[in-house]
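Visitor: Below is one structure. I have some questions about it.
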Amino acid sequence: MSRQRSMSGTIPSMETSGHTLKDNTVIVVLGASGDLAKKKTYPALFGLYRNGFLPSGVHIVGYARTKMDDEEYHKRTTGYIKNPNNDPEITAKIEEFKALSSYVSGSYEDPAAFDNLNKVLESIESGYQTKERNRVFYLALPPSVFIPVAKNLKENCYIFKGGVNRMIVEKPFGKDTASCRELLTSLKQHWTEDETYRIDHYLGKEMVKNLLVLRFANVAMGAAWDKNSISNVQITFKEPFGTEGRGGYFDEFGIIRDILQNHLLQVLSILTMERPVSFAAEDIRDEKVKVLRAIPPVERNDTLLGQYVAAGGKPGYLDDDTVPQNSVCPTYAATTLWIHNPRWEGVPFILKAGKALNEAKVEIRIQFKDVTQGIFKDISRNELVIRIQPSEAVYLKLNAKTPGLYTRAMPTEMDLTYKRRFADIQIPEAYEALILDALKGDHSNFVRDDELDVAWKIFTPILHWIEGQSGPRPKPVTYPYGSRGPKELESFIGKYGYKRSVEGYAWPVTNLSNL
Ligand code: NDP
Ligand code: BG6
C-alpha cells in the first residue's frame, strides 16, 4: 500500500498502512482489576463491540493479580458502561460482551503465570478456522511493572509465526528525559516500535483529531495561522475536583507530568506543526517532532506554579492524607513555550492546567492581533476558540456592526457547537477511537519514541528545578479550591500580550443547556 494517504471531501477515509485485524484476535487487558480498565478500557471495548468495530469472533481476556471469579470480573468490567434508561438492546449487548470476555489471575513477574495465560489464549485460538492468530496486549498497569510484563509477554505469549502482536502502553512514559530513555530502551529489547502503541488519550479526542482538518482543509484558517496574524495562544485544562484519594500518585508526578508534558503538548504539536505530506502516521509524526524540536526548554520565569488550599468546605491539597506534609507539589501550572521557527517566532504558547478549579474545561484559545487602528479604536481582538471538552465547539469571536441605525461595532461570534450542528451524531470516546486505531495498525494517534524524547527535553529542566535538583524547591502560590486558579494568573497571561474582550462580552455557552 502506498505510504501517502489523503482524506476525501464527503467520505473521510483514513486507510491505514498497517494490517487491520478483522478476525482471529484476542485482546488481553493486563491490569484488568484497575481503575483505568473499569472506567475507560472496558467501556471503550464495549462501545466498539456494540457498534461492530471489534474483529469478528473477538475474545477479551482480563489479567491481573487480584483473585476474582467471573461474576466479580464481569461486574467490574461492565459497571461503567452507560445504560441510563435500561435500553434492552444495550442490556442484550452487555450480556453478549460478557460472554466473550474471561479472566485469568496471575503475577506480573512470574514467567510461569504468563505461560498459564498463554495456554488460555491457545485454547481460545484452537477454535479458529484458519491458522492466523493475532494478539493485542493492553497494559492498563502502573509503569513500575511495564518492563517485566513486556518481557514476560514476549517470552511466553508472543506469536512468532502466523499472526500479529501489538502492545498498547499507557502513560506515564518515564519521569524525565533520562528515565524515559531507560524505559524506551528496556521495552525495545522485547517489542519493536511498530508493535508498540503508546497512548496519550488526548490524541483520540474528537476535537484534537479535528485540528488537522480545521487547519489544513480550510484556506481561510491556513492563511491566518502564523505570527503575522496571531498574538498569543492558550491551551487550558481545568478540572473541578482535586486529587482526592489519588494524592500519593499525584505527589510523585505533579500537574506538569500529569497534563502539560503529554496531553497539552500533544495538542500544541498538532496545532503548530507544518502540513504533513499525507495522513500516513510517519508523515504526521515527523511534522510533530519537527515543531517540538524547535521549542527550547521552559524557562523558570515563564512558569507560574500553584497549589490549592481548602475553601467552600472542600479540603486543600495538603489536607489529603495520602499527600506528604508540607508538599510543594504543584497542582496548577502555567508555562509559556516559544517556537523558534519562521512561522511562530515570537508567539507565546501558554499551557495552563489545574486541579480543583471552578469548572471542567479543556480548550484552545487563539488570540489574533489588534486590527489596524484609525477607523477603529478599542475594538476587541478576534479569537478562535476550539472547545475540546465538554460540549465540543469551535467559535470565532469577531466584530460586527450593531444591528440598527448606529454604526457601532460589537463583539459577537460565529459558532459551530457540535450538539447543535451534529445533533444526531454521537462523538466516540477517545479510548474507543484509539483502540480501533491500534486494531487497524494505525500509529498516527500514538506517540512515537523520538516524540516522547523531545517532549521530555522541553520539561525536564523545569521539573528538576521544581524537585529541588538545582537548588531550593520553588514554593507554589496558593489558590482556593473551586476558584479560577492563582490570582497571579491574570498578570502572568497579561505579560504575554493577552487582552480580554471588551467588558460584558462572553460566548453564550449557557445556551447549550437547552440543547
Ligand atoms: P491502578 O492503580 O488501578 O492499577 C491497575 C492495576 O495494576 C491494579 O488493579 C493492580 O492490579 C495493578 N497494580 C497496581 N499497583 C501495582 C503495583 N505497585 N505493582 C503491581 N501491580 C500493581 O492504575 P490505573 O488503572 O489508574 O492506571 C493504569 C495505567 O493507566 C497507569 O499507567 C496510569 O498512569 C494510566 N492512566 C490512568 C488513567 C485513569 O484515569 N485511571 C488515565 C490515564 C492514564 P492487581 O493488584 O489485581 O494485579
Ligand atoms: C489523565 C490524568 O491522564 O487525564 C488525570 O492522569 C486527568 O489526572 C485525566 O484527570 C483527564 O482526562 P480527561 O479525558 O478527563 O480530560
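The values are calculated or read from the model by the stated rules, or taken from the named source; none is laboratory data. Since this is a predicted model, take the numbers as computed values, not measurements. All Cβ positions, even for glycine, are placed from backbone atoms using ideal geometry, and neighbour counts span all protein chains on display.
Visitor: Would it be correct to say that ALA224 is surrounded by fewer than 17 Cβ atoms within 10 Å (Cβ to Cβ), away from ligand 2 (no atom under 16 Å from the Cβ) and without any contact (Cβ under 8 Å) to a residue 12 or more places away in the chain? Give the steps one after another, and end with the answer.
Guide: Working: surrounded by fewer than 17 Cβ atoms within 10 Å (Cβ to Cβ): yes; away from ligand 2 (no atom under 16 Å from the Cβ): yes; without any contact (Cβ under 8 Å) to a residue 12 or more places away in the chain: no.
Spelling it out, it is not the case that ALA224 is surrounded by fewer than 17 Cβ atoms within 10 Å (Cβ to Cβ), away from ligand 2 (no atom under 16 Å from the Cβ) and without any contact (Cβ under 8 Å) to a residue 12 or more places away in the chain.
Visitor: I've got another one for you. Within segment 317-325, can one find any residue that is in contact (Cβ under 8 Å) with a residue 40 or more places away in the chain, outside any loop (DSSP other than H, G, I, E, B) and in the same structural domain as THR272 (by TED's automatic domain parsing)? Reasoning before the result, please.
Guide: Of segment 317-325, the ones in contact (Cβ under 8 Å) with a residue 40 or more places away in the chain are 317, 320-324.
Next cut, outside any loop (DSSP other than H, G, I, E, B) only: 317.
Next, from what is left, pick out any that are in the same structural domain as THR272 (by TED's automatic domain parsing): 317.
Yes, there is a match, as at least one residue in segment 317-325 is in contact (Cβ under 8 Å) with a residue 40 or more places away in the chain, outside any loop (DSSP other than H, G, I, E, B) and in the same structural domain as THR272 (by TED's automatic domain parsing).
Visitor: Here is a further query. Being more than 13 Å from ligand 2 (Cβ to nearest atom) and in the same structural domain as TRP456 (by TED's automatic domain parsing) is true for just one of ILE259, ILE284. Which residue is that?
Guide: Working: ILE259 fails: more than 13 Å from ligand 2 (Cβ to nearest atom).
Just one listed residue meets the conditions, ILE284.
Visitor: Which of the residues belonging to segment 326-377 are over 24 Å from GLU392 (Cα atoms) and among the β-branched types (Val, Ile, Thr)?
Guide: VAL328, THR331, THR335, THR336, ILE339, VAL347, VAL371, THR372, ILE375
Visitor: Please verify whether segment 313-330 includes one or more residues that are under 22 Å from GLY494 (Cα atoms) and buried (at least 22 other Cβ atoms within 10 Å of the Cβ). Please lay out each step first, then the result.
Guide: If we filter segment 313-330 for residues that are under 22 Å from GLY494 (Cα atoms), which is where we start, we get 330.
Subset that is buried (at least 22 other Cβ atoms within 10 Å of the Cβ): 330.
Yes, segment 313-330 has at least one match.
Visitor: Can you name every one of the strands (runs of 3 or more DSSP E) wholly within segment 164-255 that holds 3 or more residues which are away from ligand 1 (no atom under 16 Å from the Cβ) and in contact with a Lys or Arg (Cβ under 6 Å, 6 or more places away or on another chain)?
Guide: Values: elements: 165-169, 196-198, 230-238.
Fully inside segment 164-255 and qualifying: 230-238.
Visitor: Provide a single number: the residues in segment 466-484 that are surrounded by 18 or more Cβ atoms within 10 Å (Cβ to Cβ) and farther than 15 Å from GLY312 by Cβ.
Guide: 2
Visitor: Which of the residues spanning segment 179-194 are closer than 17 Å to ASN165 by Cβ and either surrounded by fewer than 18 Cβ atoms within 10 Å (Cβ to Cβ) or hydrophobic (A, V, I, L, M, F, W, C) (or both)?
Guide: Here is the first cut: in segment 179-194, the ones closer than 17 Å to ASN165 by Cβ are 187-194.
Within segment 179-194, LEU187, LYS188, GLN189, TRP191, THR192, GLU193, ASP194 qualify.
Visitor: Would you pick out the residues in segment 301-360 that are within 16 Å of ligand 1 (Cβ to nearest atom) and either of a type in the set (D, E, K, R) or over 26 Å from the mean Cα position of the chain (by Cα) (or both)?
Guide: LYS355, the sole residue that qualifies.
Visitor: Can you tell me which residue among ARG365, ARG343 is in a loop (DSSP other than H, G, I, E, B), under 21 Å from MET221 (Cβ atoms), among the basic types (Lys, Arg) and assigned by TED's automatic domain parsing to the domain that holds ARG246?
Guide: Numbers: ARG365 fails: in a loop (DSSP other than H, G, I, E, B).
Testing whether each residue is in a loop (DSSP other than H, G, I, E, B), under 21 Å from MET221 (Cβ atoms), among the basic types (Lys, Arg) and assigned by TED's automatic domain parsing to the domain that holds ARG246 leaves just ARG343.
Visitor: Another question, if that's okay. Among the residues of segment 302-349, write down those that are in contact with a Leu (Cβ under 8 Å, 6 or more places away or on another chain) and of a type in the set (A, V, I, L, M).
Guide: Passing the criteria: LEU304, VAL309, ALA333, ALA334, LEU337.
Visitor: Scanning for something crowded, with 21+ Cβ neighbours inside 10 Å, over 22 Å from the mean Cα position of the chain (by Cα) and in a strand (DSSP E or B), does segment 93-112 turn up at least one residue?
Guide: Yes: one or more hits.
Visitor: Limited to segment 59-89, what total is found for residues that are in contact (Cβ under 8 Å) with a residue 12 or more places away in the chain and either within 27 Å of the chain's Cα centre (by Cα) or crowded, with 17+ Cβ neighbours inside 10 Å (or both)?
Guide: The number of residues fulfilling the criteria is 15.
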